[in-house]
Amino acid sequence: MMVSVEIGKRLVLGALITFGYANLSQLVAQRFDDPSPPNVSSISGESAPEPTSQSELTFYKLPKPLHPEAITEDWLDFLGPTHNAISRETHLLKSFGDEGPARVWEVDKGEGYAAPAVIGNRVILFHRSGQESVIECLEAETGKRFWKHTYPTAYRDRYGFGNGPRCQPISDGEFVYTFGVEAKLTCLALQTGQVIWQRDLRSEFNLSLDFFGAGATPLLEGDNLIVNVGAPEGPCVASFHKRTGKMLWGAGTEWGPSYASPIPADTIAGRRVFIFAGGESRPATGGLLVINPDDGSIDSRYPWRGKRYESVNASSPVIVDDIVYISECYGAGGVALEIDKNGNCTELWKNEILNTHFMTAIHKDGYLYGVDGHGPQNAPIVCIELETGKEMWKHEPEWITPVTSNGQTQEYNLAPALASLLLVDGRCLVLGQYGHLAWLDLNPEGYNELDRTHLFLARQTWALPTLSNGLLYVVQNDPGVDGSRTRLICYDLRGGNEANDPLGP
């Protein structure tokens with residue numbers, strides 16, 4: 001890939017180095033050429049297809065009506081509409097009952113760990129079937145299919161994990177964007193599934209796909225589709241115009257692609273995007289980039305990465321006002337940084353109390369909550385104080401679960417392990433690695449479990465569940481002990497008038 005930097009800027013850079021400026025990036029902007037602008041299709045005049053049943057679908061029953069005062073929202077982005085695993089939806093079920101939440105529908109899916117996106121009455125499912133990457137648009141309340149698009153894939157995970165996509169589809173309400181495990185970036189029309197443009201970033205930027213393939217979900221920020229590309233000679237991060245796919249800017253040359261999605265936030269420095277970068281390299285390098293999305297200029301860099309070669313930065317940054325928290329579980333641990341008016345980072349504290357793997361910690365009332373460690377054993381849920389990093393409590397629940405195999409039933413402790421946390425409706429919804437669903441009351445005093453049910457028994461339930469319009473979408477990424485196939489399941493989480501609910505209305 002050709003990298004062009006103006007001669008004048010080189011001279012300025014040299015002078016700045018001579019005089020000892022540490023934060024050069026905000027003063028010197030880099031330029032990267034677009035290696036291969038894509039062909040762009042005009043939007044066809046075809047009308048949107050009607051949804052039809054497909055053989056992979058099992059329908060159970062329609063969900064309950066929404067509570068008349070329920071607040072709902074679409075799920076367009078990774079970690080939800082607020083980019084921090086906090087949902088504003090209300091009037092959800094307070095207790096699961098003996099049978100758990102009702103299944104609305106389920107659809108068989110292939111390999112992959114990508115959670116679905118929900119835009120209005122449309123659910124976008126991204127997975128792999130055989131030698132094809134599959135993008136499907138389903139009806140939210142029935143699971144019927146509006147359209148389906150496929151393209152070839154030959155990826156093989158070198159560690160034996162799934163060979164399908166890792167990244168959630170995202171949308172601006174008009175188009176859908178997917179980023180495949182082989183770094184193919186695709187834009188489709190939401191209503192019809194027409195491909196508007198596609199880029200093969202692996203070949204264009206000479207990417208190695210690192211340990212587990214491409215896995216950092218892109219970010220939509222205005223017209224920018226921001227990707228942690230991690231090209232060997234840069235850019236580390238690139239922005240593509242969401243409508244044309246043309247590269248708008250590139251930023252950084254030092255760090256490869258991580259498995260953490262870029263996160264936007266308004267800070268004292270203005271609107272900024274935070275990228276926790278760092279791909280396969282010897283020695284292992286990576287860290288936080290604070291970027292202005294308007295032009296790709298880098299305000300600051302903060303190195304943060306475990307020293308092990310086989311390590312990854314996979315938890316997305318957590319931004320609370322002017323504090324950003326990043327964490328990993330391969331030796332560096334977690335660090336809280338304060339962002340000043342120029343976008344510079346100052347370390348507040350660091351420790352190894354909450355070492356998140358690929359789940360992203362959530363913030364509530366001045367405290368961070370998350371899962372510490374690699375798991376599946378010794379992966380407790382931890383609470384720390386955001387301002388100081390002080391540990392408030394650490395607890396690994398014992399979720400004793402009966403398991404029937406060959407006609408015999410035994411009980412096992414299937415702890416939450418590599419669980420996902422979603423803050424919603426005044427409580428925390430936890431999806432455990434083995435298919436448990438629980439309500440927690442998050443507070444700094446101690447672990448407080450309100451209710452729990454078991455949806456299915458399968459490993460690798462690693463994706464944060466998607467919540468939209470009172471419906472919960474859970475991806476089962478591994479075959480179940482009961483013989484169930486990998487699938488996407490839609491659950492009815494809508495609450496009604498629950499005055500008699502022992503947990504309160």
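Worth pointing out:
- Listed from fewest to most Cβ neighbours within 10 Å, the set Val104, Val237 follows the order Val104, Val237.
- Residues Ile323, Ile362, sorted so that the one with the fewest Cβ neighbours within 10 Å comes first: Ile323, Ile362
- By the rule of a C-alpha distance below 17 Å, with chain neighbours fewer than 8 residues away ignored, the lysines paired with Lys242 are Lys184.
- About the Cα centre, charge dipole magnitude for the chain (Lys/Arg +1, Asp/Glu -1 at Cβ), debye: 1160
- Leading residue at positive end of dipole, the chain (Cβ point charges), from Tyr177, Pro218, Gly234: Gly234
- Distance between the stretch 92-141 and the stretch 161-210 - C-alpha centres, whole angstrom: 18
- Cα centroids of the stretch 414-489 and the stretch 39-87: 20 Å apart.
- Candidate cross-link partners of Lys61 among the aspartates and glutamates, defined by an alpha-carbon separation under 12 Å and a same-chain spacing of 8 or more, comprise Glu106, Glu141, Asp492.
- Taking a straight line from the alpha carbon of Lys64, these lysines sit under 29 Å away, with near neighbours fewer than eight places off in the same chain left out: Lys94, Lys109, Lys144, Lys148.
- Sorted by Cβ neighbour density within 10 Å, fewest at the top, the residues Lys148, Lys364: Lys148, Lys364
- Contact order relative to length of the stretch 343-453, as percent, for alpha carbon pairs under 8 angstrom and 6 or more apart: 19
- Selection among Val320, Ala336, Pro303 by position relative to the dipole of the stretch 288-349 gives Pro303 as farthest towards the positive end (Cβ unit charges, Cα centre).
- In degrees, nearest ten, helix 7-18 long axis to first principal axis of the chain (Cα): 90
- Here the stretch 30-159 is assigned +1 on the Cβ of each Lys and Arg and -1 on the Cβ of each Asp and Glu. Its dipole about the Cα centre then comes out at about 160 debye.
- A helix-only calculation puts the chain at -1000 deg cm²/dmol for mean residue ellipticity at 222 nm, using -39500 (n - 2.57) for each DSSP H run of at least four residues, averaged over all residues.
Values quoted throughout were computed directly from the atomic coordinates according to the rules given, and no laboratory measurement underlies them. All of these numbers come straight from a predicted model, not from anything done at the bench. Backbone-built Cβ (ideal geometry, glycine too); neighbour counts: all protein chains shown.
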